Amino acid sequence: MYALVDGNNFYASCERVFKPSLRDKPIVVLSNNDGVIVARSNEAKALGIKMGTPIFEINKLVAQGKILVFSSNYPLYGDMSHRMMQIFSEFSPDMEVYSIDEAFLDFSTFGNIDFKKKGIDIKAKVQKNIGVPVSVGFGQTKTLAKIANRIAKKFMTNTGVAVIDTPKKIEKALKMTEIEDVWGIGRRYSHFLKQKGVKTAWDFTQLSDTFIKKNMSVVGLRTKEELLGISCIPMEFVPPTRKSIRTARTFVAATNSYDFVAEAVANFAASCGQKLRSQQSVAHLLTVFLRTNPFDKKNPYYANSFTIQITEASSSSIDLIQHAHKALQIIFKKKYKYKKAGVMVSGLQPDKHRQLTLFDDGHYQKHTKVMRVMDKLNAENGYELVKIGAQGASRAKLLKQEQRSSRYTTRWDELLVIKC
DNA sequence: TCTGGGGTCCTAGGACCC
DNA sequence: TCTGGGGTCCTAGGACCC
């Protein structure tokens, strides 16, 4: 048996932990830049607010005080997530951290235990130690655990735990699960399947293998097997190293200033460098992309990208920024106003196996030392104490975050301000 | 006026090899 | 008229996840 444990309305619940007065109130959390809604409390859901709604569509409700709004506070959610995972792992050493708010737990070595009780224990301990409500779903495959979790959240509101452990329960669970709620069936496929008369997860399992393979590839076939209790998607106990890394942002206002975009791109490249170093990788390819505002009907749309081959693979922010600026100069056109830009590094390999070239000038070794010191200082002293000159003096102007809560668990100075 | 960010996997088709 | 067989690698596009 596998369990899927996840935080209910995770970001919204994190905000509530530190402001108990928000309990029972409709609250939403916004994306970076305060653009769209990415998390909602149950009360906000009850008001009919949908995931991904642009904030300006609910301005009226906000002005009337009927709904409370928070900018996203990722340092807080990340730290809360880490603490929550610690608790999860106490219940099974075989854990896969699947996303910021959910994890699979493998109970296959536990024999025939009382899963319902186990789920209730997990929920109680997380509630007590972290203060975030969670739901727990048990099933014989990861896909079934996902379905059980959904049922727990939707129907088992008293316990928050659901167990699917017999063929009879599987059938019942599949019949009450809409096809679009199945893990692995997204918007396109559920639309397609509904046209074919497939409404529930159960209907899907009645389709022939050839039909599924033909229209949905082996991925669809795996989902069918998983729904029938045959495990095809293995646990990943250690997070795989990333094959590509990207940092991108939407700008608060569209701009045609090369200097502004270049500084932003320098920050994105530096961020990619930091992420590369944290997983001990170097990159062979660096892509810079930018685009104008696709919602702007008055001005022509322009989107472009350019990829640089890095002969001497690197994770040095200094190198990456230089390459990024080279790429930017190729695609930047002054006549457009840019709304979004980003940097992606790919062709990653372990830094230990970095390929040397004939023309290696040894600068990489020097950079490595500088980067090590920079990363250490930044880790110890808070956010980006030391950075590269091209990144500019302040990063604050890149992000609109008007309603951000304090970094309660990671920034004691902010917490102190609140207490005063 | 205002619309997020960061990933993965699979397949088909083209280019190339002997 | 008839035009081999068996591969690999790369890329773009489409699907999915949170």
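The values are calculated or read from the model by the stated rules, or taken from the named source; none is laboratory data. As the structure is a prediction and not an experimental result, all values here were calculated from the model. So basically every Cβ, Gly included, is an ideal-geometry build from the backbone, and we count neighbours across all protein chains shown.
Give all pairs with beta carbons closer than 6 Å in which a residue from the stretch A:85-101 that is more than 13 Å from A:Phe237 (Cα to Cα) and in contact (Cβ under 8 Å) with a residue 40 or more places away in the chain meets a residue that is away from DNA strand C (no atom under 16 Å from the Cβ) and among the basic types (Lys, Arg); count only pairs at least 6 apart in sequence or on separate chains.
Every condition considered, the pairs that remain are A:Ile87/A:Lys125.
Among residues belonging to the stretch A:183-204 that are within 16 Å of DNA strand B (Cβ to nearest atom) and in contact (Cβ under 8 Å) with a residue 12 or more places away in the chain, point out the one that is surrounded by the fewest Cβ atoms within 10 Å (Cβ to Cβ).
Among them, the one singled out is A:Phe192.
Among A:Phe104, A:Phe110, A:Phe115, A:Phe88, which is out of contact with any strand residue (DSSP E or B) (no Cβ under 6 Å at 6 or more places or on another chain), on the phi < 0 side of the Ramachandran plot and not basic (Lys, Arg)?
It is A:Phe110.
Within the stretch A:80-118, how many residues are assigned to a helix (DSSP H, G or I) and more than 25 Å from A:Glu15 (Cβ to Cβ)?
Matching residues across the stretch A:80-118 total 4.
When you check A:Leu61 against the structure, is it among the hydrophobic types (A, V, I, L, M, F, W, C), surrounded by 14 or more Cβ atoms within 10 Å (Cβ to Cβ) and either modelled with pLDDT under 95 or within 14 Å of DNA strand B (Cβ to nearest atom) (or both), yes or no?
yes
Is it true that A:Leu276 is surrounded by 20 or more Cβ atoms within 10 Å (Cβ to Cβ), within 16 Å of DNA strand C (Cβ to nearest atom) and either hydrophobic (A, V, I, L, M, F, W, C) or under 23 Å from the mean Cα position of the chain (by Cα) (or both)?
In short, no.
Can you tell me how many residues within the stretch A:1-35 are of a type in the set (Ser, Thr, Tyr) and assigned to a helix (DSSP H, G or I)?
So in the stretch A:1-35, the residues of a type in the set (Ser, Thr, Tyr) come out as A:2, A:11, A:13, A:21, A:31.
Next cut, assigned to a helix (DSSP H, G or I) only: A:11, A:13, A:21.
Within the stretch A:1-35, residues that are of a type in the set (Ser, Thr, Tyr) and assigned to a helix (DSSP H, G or I) number 3.
Each row is one residue, and each column tells you yes or no for (1) more than 16 Å from DNA strand C (Cβ to nearest atom); (2) among the polar types (S, T, N, Q).
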| position | (1), (2) |
| --- | --- |
| A:Ser244 | no, yes |
| A:Glu263 | yes, no |
| A:Gln280 | yes, yes |
| A:Phe289 | no, no |
| A:Ala303 | no, no |
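Could you tell me which of the residues A:Phe56, A:Phe70 is surrounded by 18 or more Cβ atoms within 10 Å (Cβ to Cβ) and either touching a residue at least 60 places away in the same chain (Cβ under 8 Å) or over 16 Å from the mean Cα position of the chain (by Cα) (or both)?
A:Phe70
So how many residues does the stretch A:232-287 have that are among the acidic types (Asp, Glu) and under 30 Å from A:Gly184 (Cα atoms)?
1
How do the helices (runs of 4 or more DSSP H) wholly within the stretch A:199-310 filter down when requiring 2 or more residues that are farther than 30 Å from A:Gly35 by Cα and touching a Lys or Arg at 6+ places or on another chain (Cβ under 8 Å): which remain? I'd like the intermediate steps shown before the answer.
Working: elements: A:201-205, A:209-227, A:258-278.
Helices (runs of 4 or more DSSP H) meeting the threshold: A:201-205, A:209-227.
Answer yes or no: is there a residue in the stretch A:88-107 that is out of contact with any Pro (no Cβ under 7 Å at 6 or more places or on another chain), within 12 Å of DNA strand C (Cβ to nearest atom), under 17 Å from A:Lys169 (Cα atoms) and hydroxyl-bearing (Ser, Thr, Tyr).
no
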